[in-house]
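Read through the structure below, which is laid out as structure tokens, and then see the notes.
The values are calculated or read from the model by the stated rules, or taken from the named source; none is laboratory data. Since the structure is predicted, the reported quantities are computational estimates derived from the model, not experimental observations. Glycine gets a Cβ as well: all are built from the backbone with ideal geometry, and neighbour counts include every protein chain shown. To get the accessible areas, we keep the full protein, side chains included, count just its heavy atoms, and leave off ligands, DNA and RNA. Shrake-Rupley method; radii C 1.70, N 1.55, O 1.52, S 1.80 Å.
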Amino acid sequence: MDTETLYQEQLATHLAGFRRNFHSALTIMMLWVIVLGAVYFAQDRLFSTAAFAIQPQHWQGLIGVLSAPLLHGSMEHLSSNAFGFLVLGTLAGSMYPRASLWAWPIVWLGSGLGTWFISLGGHHIGASGITVGLMFFLIGQGLRRRDRMSLGALFLALFFFGGMVLSFLPREQGISWEYHLSGAVFGLLCGLA
């Protein structure tokens, strides 16, 4: 068997695996978006959003580490995070299914705990800590692996969400840069590990 034939067979096998991973990741992310939407329509009707938000440096605010990513302040807030989940989560799950599986809970918990520790007040809600974490996970994987597929995934993520790279800087009132910073740190650590 010549080198070109071997290369074509390996490429076909790799693409078939990618398609399987893509369908699984897309299905899972679509289910998460449905969950986010259902929680959004239930919040403030069935329970108080503030009670389940991250309240920095208050013991009762630790519940928000688990629940805050499911809560959103407006339909625009929900839509932007749902789009981020869908694109970045599907990309990460397609490219790095095993690494994404263990990175997801670390980014979820790390972004919440980091916010609880470093923020000076307020109520923090939304999935942006996780979406920023997924972005930085893809950056870390691209830098660590440096193969064509990883760099392609990184450039695709940057094309859609390049502005997210600086979202951890305090720029806009009402947007939790602490949540974004914590997500970025834990996402990058998971991506480089």
**Per-region count, the stretch 64-94, residues in a helix (DSSP H, G or I), more than 14 Å from the chain's Cα centre (by Cα) and among the hydrophobic types (A, V, I, L, M, F, W, C)** = 3
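Conditions tested, residue by residue: (1) in contact with a Gly (Cβ under 9 Å, 6 or more places away or on another chain); (2) of a type outside the set (Val, Ile, Thr); (3) closer than 16 Å to Pro69 by Cα.
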{"site": "Gln10", "(1), (2), (3)": "no, yes, no"}
{"site": "Thr13", "(1), (2), (3)": "no, no, no"}
{"site": "Asn21", "(1), (2), (3)": "yes, yes, no"}
{"site": "Leu26", "(1), (2), (3)": "yes, yes, no"}
{"site": "Trp32", "(1), (2), (3)": "yes, yes, yes"}
{"site": "Val39", "(1), (2), (3)": "no, no, yes"}
{"site": "Phe52", "(1), (2), (3)": "yes, yes, yes"}
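Does Ser100 satisfy the criteria of being at pLDDT below 90, among the polar types (S, T, N, Q), touching a helix residue (DSSP H, G or I) at 6+ places or on another chain (Cβ under 6 Å) and assigned to a helix (DSSP H, G or I)? Can you show your working first?
Numbers: at pLDDT below 90: no; among the polar types (S, T, N, Q): yes; touching a helix residue (DSSP H, G or I) at 6+ places or on another chain (Cβ under 6 Å): yes; assigned to a helix (DSSP H, G or I): yes.
So Ser100 does not fit the description; no.
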**Prompt:** Can you name every residue in the stretch 146-186 that is open to solvent by 70 Å² or more (accessible area, probe 1.4 Å) and not hydrophobic (A, V, I, L, M, F, W, C)?
**Reply:** Arg146, Arg148, Pro170, Arg171, Glu172, Gln173, Gly174
**Item:** Boolean, Ser111 is in a helix (DSSP H, G or I), open to solvent by less than 10 Å² (accessible area, probe 1.4 Å) and modelled with pLDDT of 95 or more
**Value:** yes
**Total residues in the stretch 36-47, condition touching a residue at least 12 places away in the same chain (Cβ under 8 Å), outside any strand (DSSP E or B) and more than 15 Å from the chain's Cα centre (by Cα)** = 3
**Request:** Considering only the stretch 19-50, state which residues are open to solvent by less than 60 Å² (accessible area, probe 1.4 Å), hydrophobic (A, V, I, L, M, F, W, C) and closer than 17 Å to Ala99 by Cα.
**Result:** Ala25, Leu26, Met29
**Complete:** Sole miss for Gly61 among (1) in a helix (DSSP H, G or I); (2) within 21 Å of the chain's Cα centre (by Cα) is condition (2)
